[in-house]
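Beneath this line is the structure, given in structure tokens, with notes to follow.
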Amino acid sequence: MIDRLAAGLLRGAEWLLALALLVMLGMVFGNVVLRYGFDSGITVSEELSRVLFVWVTFLGAVAVMHRGGHLGFDLLMRALPPAGRRVTRILACLVMLLCCGVFLWGAWVQTAMNMSNAAPITGLPLGYAYAAAVVGAAGMGLVVIRDLLRAIAGHEPPPQHDGAEPGA
């Protein structure tokens, strides 16, 4: 069940990533054309693009983590017997879950603190930008929980299909 939930959330995150990139591209391109062609511009374009870029970064981190694409050091893991690999995976997942929890808590505090601060041009609460870290930490935590449950059940990690080395 958690696999289906994670896959559904990942699809939603990827669609949001694509939409955010498309909006950023349109705003920045439109602003460049207006500035150099008509000595005008879209005043909110730079600020909104910056907030969208923060969201793209954190949603992208969740998508990359889901695919096992973050940098990792697995030399020791490859040298261990299957039981040692399983214990090491469980310990690594627990440490990552702790890190995601600390990150989520800090991001939540920052989001709450900045909801009353307004961006200078759009007037939007700055907490909206910090909320990307909350979503990113929660999403990465969900991926870690899924991997932890797989490791506890004794399943090997899924193979990498992107042609790259695992963790590279």
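Quick look at the values:
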item	result
Formal net charge of residues neighbouring ASP3 (Cβ-Cβ distance under 11 Å; K, R +1; D, E -1)	+2
Largest to smallest accessible area among GLU156, GLU47 [probe 1.4 Å]	GLU156, GLU47
Net charge of neighbours whose Cβ lies under 11 Å from the Cβ of MET27, counting Lys and Arg as +1 and Asp and Glu as -1	-1
GNM flexibility winner over the chain from ARG78, ARG50, ARG89 (Cα, springs under 10 Å)	ARG78
Heavy-atom accessible surface of the chain: percent carbon and sulfur, 1.4 Å	74 percent
Charge dipole (debye, nearest 20) of the chain; +1 at Cβ of Lys and Arg, -1 at Cβ of Asp and Glu	460 debye
Per residue value of the accessible surface for the chain (all protein chains in place, 1.4 Å probe), Å²	65 Å²
C-alpha center-to-center spacing [the stretch 37-87, the stretch 14-31] in angstrom	17 Å
Length-normalised contact order of the chain in % [C-alpha pairs under 8 Å, at least 6 apart]	27 percent
Prolate/oblate/rounded label for the stretch 22-168 (Cα gyration tensor, a/c 1.5)	oblate
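The values are calculated or read from the model by the stated rules, or taken from the named source; none is laboratory data. Please read all numbers here as calculations on a predicted model, not as lab measurements. Heads up, the Cβs are rebuilt from the backbone with ideal geometry, glycines too, and the neighbour counts pull from every protein chain shown. What goes into the accessible areas is simple: the full protein's heavy atoms, side chains included, and nothing from ligands, DNA or RNA. Shrake-Rupley method; radii C 1.70, N 1.55, O 1.52, S 1.80 Å.
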